Amino acid sequence: AEFLVHTSLSPHIRKADLHRDVILASRTPRDAVNLCVSIVRDRMTYTPGATHVFTPAHESWENGRGVCQDYSHVTLSLLRSAGIPARYVSGYQYTGDGVIGETVVGESHAWLEAWVGEWMPVDPTSGAEVGERHVVVAYGRDYNDVSPMRGIFSGGQSREINVSVSLTRQDR
């Protein structure tokens, strides 16, 4: 039930209601999820810097621009409005060539999973299948539940925090 509730970052998007009937007419929940992803990918353009981590989905939808968390928040909003439970996934994307033992700097990434009788992972940003390159850190209702970094910073205004995450492909 908690993954059906709209949040401050994935609120109900009134201007997207015209898509709701089409989504609800889908033959199966899987079809509805795929249609939602398609609608979002058709409407939005990946634009770094167009938003920030606390931009609500309705602003990204109206502007038609955003990054991975925006694509995820908008898709979560559409799915929840159609009665499909969905959860935000926070993690990293492995960008290496897949060579065993290769270490690369991981890219922070967000995608989602929708409940269709089982959790169905989808990456609305790339449209690619979620697989081994997607490294899950946490699940939540939206970014606020599972931001990759949270804490208290102690220091002057001239100080900066630099964080890097290394990912190494291991042999199974």
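The values are calculated or read from the model by the stated rules, or taken from the named source; none is laboratory data. Since this is a predicted model, take the numbers as computed values, not measurements. Using ideal geometry, Cβ is built from the backbone for each residue, glycine included, and neighbour counts are taken over all protein chains shown. What goes into the accessible areas is simple: the full protein's heavy atoms, side chains included, and nothing from ligands, DNA or RNA. Shrake-Rupley method; radii C 1.70, N 1.55, O 1.52, S 1.80 Å.
Checking M44 against (1) at pLDDT 95 or above; (2) within 22 Å of W119 (Cα to Cα); (3) surrounded by 14 or more Cβ atoms within 10 Å (Cβ to Cβ); (4) among the aliphatic types (A, V, I, L, M), only one condition comes out false. Which one?
(2)
Check region 10-19 and report whether any residue there is hydrophobic (A, V, I, L, M, F, W, C) and under 19 Å from E113 (Cα atoms).
No; the residues of region 10-19 include none that is hydrophobic (A, V, I, L, M, F, W, C) and under 19 Å from E113 (Cα atoms).
Could you grab me the full set of residues in region 53-86 that are open to solvent by 40 Å² or more (accessible area, probe 1.4 Å) and over 21 Å from D31 (Cβ atoms)? Steps first, please.
Keep residues of region 53-86 that are open to solvent by 40 Å² or more (accessible area, probe 1.4 Å), which gives 53-54, 58-59, 62-63, 65, 83.
Hits for region 53-86 are V53, F54, H58, E59, E62, N63, R65.
Here are some residues: S77, S60. Which one is small (G, A, S), at pLDDT 95 or above and closer than 19 Å to A114 by Cα? It would help to see each step written out before you state the result.
Numbers: S60 fails: closer than 19 Å to A114 by Cα.
Going through S77, S60 in turn, the sole match is S77.
Exactly one condition in (1) farther than 14 Å from S126 by Cα; (2) of a type in the set (S, T, N, Q); (3) open to solvent by 20 Å² or more (accessible area, probe 1.4 Å) is not met by N34; state its number.
Only one criterion is unmet by N34, namely (1).
Among the numbered criteria (1) touching a residue at least 40 places away in the same chain (Cβ under 8 Å); (2) part of a helix (DSSP H, G or I); (3) in contact with a Phe, Trp or Tyr (Cβ under 9 Å, 6 or more places away or on another chain), which one does S90 miss?
Checking S90 against (1) touching a residue at least 40 places away in the same chain (Cβ under 8 Å); (2) part of a helix (DSSP H, G or I); (3) in contact with a Phe, Trp or Tyr (Cβ under 9 Å, 6 or more places away or on another chain), the one that fails is (2).
Mind telling me which of the residues G156, G127 ends up being modelled with pLDDT under 95, part of a loop (DSSP other than H, G, I, E, B) and within 28 Å of I23 (Cα to Cα)?
G127
Hey, among V135, V116, V89, which residue is in contact with a Lys or Arg (Cβ under 8 Å, 6 or more places away or on another chain) and surrounded by 10 or more Cβ atoms within 10 Å (Cβ to Cβ)?
Matching residue, one of V135, V116, V89: V116.
Is there any pair with a first residue in region 61-84 that is at positive phi and a second that is of a type in the set (D, E, K, R) whose Cβ atoms are under 8 Å apart and which are 6 or more apart or on different chains, and what are they?
Going by the 8 Å Cβ cut-off, the qualifying pairs are G64/R43.
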